[in-house]
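**Student:** The structure that follows is given in the form of structure tokens.
The values are calculated or read from the model by the stated rules, or taken from the named source; none is laboratory data. Remember, predicted model here, so these are calculated numbers, not experimental data. Neighbour counts run over all protein chains shown; Cβ positions are idealised from the backbone, glycine included. Side chains are part of the model used for accessible areas, which takes the heavy atoms of the whole protein and leaves out ligands, DNA and RNA. Shrake-Rupley method; radii C 1.70, N 1.55, O 1.52, S 1.80 Å.
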Amino acid sequence: LGRTLTAYTLNSRKPQLLREEQIKELEESGTVDAVGSPSKVWMGIPLIVIDEVIGMVGLQSYENPNQYTEGDVQIMEFVSGQIAAAIQRKQAEEQAKKQSAYIEQLFESSPIAIVLADNDSNIISVNSEFTRVFGYTYEEAKSVSLDHLLAPSNKVSEATQITEQVRNGERQTFETVRRHKDGSLVDVS
């Protein structure tokens, strides 16, 4: 940005309302360089998000030196705050999409069978390794109780107990058997 009024405002991190005389003083002192047609009045409001300047809203008039007032600065500070918040939300949404895509890729490409279930043990999603190990596709497994789908009849109470412990925030590590779609038993850890 060089030594423009925009750079001056961004570096100051404060709203600026500069009239022609003030702009000339900044130019004469070497603080800013004259760029483009001279403005009679110039207003710049930095867009700040969490102490980081992410942009600026600038307004200028080439004809009317009284076009903007301190009241206009206050209005533009409010508007700029809303713009900055909207930009921050959009950036957060984009970051969340990237993270979600990354997690989805990890989930799907994992060499470990993974199933996501709700607090009632109903299946929300399965990865391809789950389908390979247990024989059930997502369409066959969705909204079905994980404990009843995979636990052999003599292991249903064990599965239900494990689900309850996980629901209560306990981390579980165990070795047992679960049932493949074809009825055969699968050793699991």
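**Student:** With every protein chain in place, what's the accessible area of Thr160 (1.4 Å probe, Å², nearest 10)?
**Tutor:** 70
**Student:** Could you list the residues of the stretch 48-64 with an amide nitrogen less than 11 Å from a label point located 7 Å from the Cα of Leu1 in the Cα-to-C-beta direction?
**Tutor:** Of the residues in the stretch 48-64, 48, 53-58 have backbone N under 11 Å from the label point off Leu1.
**Student:** Next question. Can you give the Rg to Rh ratio of the stretch 134-186, both from alpha-carbon atoms, with Rh computed by the Kirkwood formula?
**Tutor:** Over the Cα atoms of the stretch 134-186, Rg/Rh equals 0.98.
**Student:** Using a Debye calculation, one point per C-alpha and no hydration shell, please list log10 I(q)/I(0) for the stretch 1-45 at q = 0.16 Å⁻¹ in order.
**Tutor:** So the normalised log intensities work out to -0.34.
**Student:** Calculate, for the stretch 1-111, the solvent-accessible area per residue in square angstrom, rolling a 1.4 angstrom probe over the heavy atoms of the protein chains.
**Tutor:** 67
**Student:** Over the stretch 66-166, what number does the Rg to Rh ratio reach, with both radii from the alpha-carbon atoms and Rh per Kirkwood?
**Tutor:** Rg/Rh for the stretch 66-166 comes to 1.39.
**Student:** For the stretch 67-128 and the stretch 144-164, write down the distance between their C-alpha centroids in whole Å.
**Tutor:** Cα centres, the stretch 67-128 to the stretch 144-164: 34 Å.
**Student:** Here's another thing I want to ask about it. How fast does the stretch 1-106 diffuse by Stokes-Einstein, in µm²/s, taking the Kirkwood radius from C-alpha pairs at 4 °C and 1.567 mPa s?
**Tutor:** 84
**Student:** Which pairs break 29 Å Cα to Cα here: Lys40/Lys90; Lys97/Lys181; Lys14/Lys90?
**Tutor:** Beyond 29 Å: Lys40/Lys90; Lys97/Lys181.
**Student:** Only one of the listed values, (1) 16.8; (2) 17.3; (3) 22.0, was derived from the coordinates as Kirkwood radius over Cα pairs in Å; which label is it?
**Tutor:** (3)
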